[in-house]
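Asker: If you scroll down you'll find the structure; I have some questions about it.
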Amino acid sequence: MKLTCAGAARTVTGSCHLLEVGGKRVLVDCGLFQGAVEGRNREPFPFDPASLDAVLVTHAHLDHVGRLPLLVRSGFSGPIHALRSTRAIAEVILYDAAKLQAEDYERALRHIGKEPAESEEGPPIEEPLYGDHDVAATLALFADAPFDSGLDLGGVRAAFHPAGHILGSAFIEIESPEGRVIASGDLGNRESGLQADPARPAECDAVLVETTYADRNHRSWKATVEEFGTVLKESLAAGGNVMIPSFALERTQVVLHTIRTLVRSGEIPHAPVFVDSPMAGRMTHLYKTCANEFLPPIAEALEKGEDPFEPEGLEYTPTVEESKKLNEIEGGAIIIAGSGMMTGGRIVHHLKHNLWRKAASLIVVGYQAEGTLGRRIVDGVKSVRIHGDTIEVRARVATINGFSSHADRDDLLDWLAGTGDARVFLVHGEPRVMDAFAAELRGRGRDAVAPEPGQALELG
């Protein structure tokens, strides 16, 4: 059994892991690199995509599915196995990614007023990684995989088990005559406000595990909600707008549910809430159709016809014109918009119009990767460049870490305990976090290693 990590090796994004087991070549995820390492998206895969027998997708976040169209364009034509809800989410995510790439490309051309071949200043303007036709070809290869039922891959079996991270998320157990391998994908926080806990893994020979928050424990859910309520109350009292950059998938739904709960309990005053993200609107609709994956109170509300994701005064602004009208609001509104790391999307426009206002607030509820605008703001920069203008950071910036849909250190240790004495391969984390967690696991008697990008390793 061999492993080659073509992404999320010594970095957080771009999850892509080639497993050679039982005579089969199986790829687990094929995600986009984001932030400081996004240039790696244009590098060739360290394997021949046409040689793959199958792709298994743990969930539909962009850093786990965003390079699938590139894989197909490069020659892959086999099945892509995933939960049905993952396929539905991937459709939205991938078409949106193709649209944003096209818009960025056209904007860059307008900015210089030249065709790429005529530009002599600065780096060349690169074409989009893929387009709508590539996404359509990719979606046609998806095949539904139910929870907890094995799939026959021809002498190798794969089973998807609930990971508790987002809708449709799974960790994958791969059984072959050579042994059993488990790939965690992204594991959920055991104190999630929406998702049920991850399932318990079986003992195995090797396990790939994410390490996003392997160096810390999240605040309790109770403390997180209390902190969020306090920050929201103080921010609204300051009179400015409250900006919440949020991932359209999972985080927006958690934030909406929490705001609804806080308003209904009287802990924060009523305020207009705008979801300025067409994708978030589509994702929230999808969440309303999958009650079986949620905690009992959420599932019961959905089954009774209630909407647990709709605080009083909620409005969606799907069109560009409706989004622009929000710029006329100088205070008192809660604006939830993507992208979650502030690398693009409508949140950037709201930052430009509000970040310089002392009465405004920015509440960060998600992970900010190195090299992103969000990370720079969280790290305390005094000014940022947005659409060619220098914007001073005068607004209050608050970070609420407990909303994370990722497992923390104790969650990971508890989950790994189920894998027995399996060799542990650490992926999807910053190097310093991986190294510290590897040392802790070795201290607990586990064989742990953090693969280098493209490095082929024996799994046994």
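The values are calculated or read from the model by the stated rules, or taken from the named source; none is laboratory data. Not measured: the values here are computed from a predicted model. Don't worry about glycine lacking a Cβ; one is built from the backbone with ideal geometry, like all the others, and counts go over all protein chains shown. These area figures cover heavy atoms from the full protein model, side chains too; ligands, DNA and RNA do not enter into them. Shrake-Rupley method; radii C 1.70, N 1.55, O 1.52, S 1.80 Å.
Asker: For the range 149-208, enumerate the residues that are among the polar types (S, T, N, Q) and within 16 Å of ALA54 (Cα to Cα).
Answerer: Once the filter is applied, which keeps residues that are among the polar types (S, T, N, Q) and within 16 Å of ALA54 (Cα to Cα), the range 149-208 yields only SER176.
Asker: Please go through the range 39-62 and pick out each residue that is open to solvent by 20 Å² or more (accessible area, probe 1.4 Å) and out of contact with any strand residue (DSSP E or B) (no Cβ under 7 Å at 6 or more places or on another chain).
Answerer: Of everything in the range 39-62, those that are open to solvent by 20 Å² or more (accessible area, probe 1.4 Å) and out of contact with any strand residue (DSSP E or B) (no Cβ under 7 Å at 6 or more places or on another chain) turn out to be GLY39, ARG40, ARG42, GLU43, PRO44, ASP48, ALA50, HIS61, LEU62.
Asker: Restricting the range 125-158 to residues that are among the hydrophobic types (A, V, I, L, M, F, W, C) and either part of a helix (DSSP H, G or I) or without any contact (Cβ under 8 Å) to a residue 12 or more places away in the chain (or both), which is surrounded by the most Cβ atoms within 10 Å (Cβ to Cβ)?
Answerer: Restricting to residues being among the hydrophobic types (A, V, I, L, M, F, W, C) and either part of a helix (DSSP H, G or I) or without any contact (Cβ under 8 Å) to a residue 12 or more places away in the chain (or both), the top hit is VAL135.
Each row is one residue, and each column tells you yes or no for (1) part of a loop (DSSP other than H, G, I, E, B); (2) touching a residue at least 24 places away in the same chain (Cβ under 8 Å).
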residue: LYS325; (1), (2): no, no
residue: GLU330; (1), (2): yes, yes
residue: ILE335; (1), (2): no, yes
residue: ARG376; (1), (2): no, no
residue: LEU412; (1), (2): no, yes
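Asker: While we're here: Have a look at GLY402, GLY388, GLY371 and point out the one that is open to solvent by less than 10 Å² (accessible area, probe 1.4 Å) and at pLDDT below 95.
Answerer: Within the list GLY402, GLY388, GLY371, the selection yields GLY402.
Asker: Mind checking which residues of the range 340-360 are surrounded by 24 or more Cβ atoms within 10 Å (Cβ to Cβ) and either without any contact (Cβ under 8 Å) to a residue 40 or more places away in the chain or among the polar types (S, T, N, Q) (or both)?
Answerer: ASN354, the sole residue that qualifies.
Asker: Could you please find all residues in the range 238-267 being of a type in the set (A, V, I, L, M, F, W, C) and open to solvent by 10 Å² or more (accessible area, probe 1.4 Å)?
Answerer: ALA238, PHE247, ALA248, VAL263
Asker: Considering each of GLU321, GLU300, GLU306 in turn, give the residue that is outside any helix (DSSP H, G or I) and either at pLDDT 90 or above or closer than 21 Å to SER265 by Cα (or both).
Answerer: Only one candidate qualifies: GLU306.
Asker: Does the range 205-225 contain at least one residue that is open to solvent by 10 Å² or more (accessible area, probe 1.4 Å) and more than 28 Å from ALA417 (Cα to Cα)?
Answerer: yes
Asker: Given the conditions (1) in a strand (DSSP E or B); (2) free of Cβ contacts under 8 Å to residues at least 40 places away in the same chain; (3) not small (Gly, Ala, Ser), and given that PRO44 satisfies all but one, which numbered condition is not satisfied?
Answerer: Every listed condition holds for PRO44 apart from (1).
Asker: Moving on. Of all residues in the range 1-17, count the ones that are open to solvent by 10 Å² or more (accessible area, probe 1.4 Å) and among the hydroxyl-bearing types (Ser, Thr, Tyr).
Answerer: Of the residues in the range 1-17, 2 are open to solvent by 10 Å² or more (accessible area, probe 1.4 Å) and among the hydroxyl-bearing types (Ser, Thr, Tyr).
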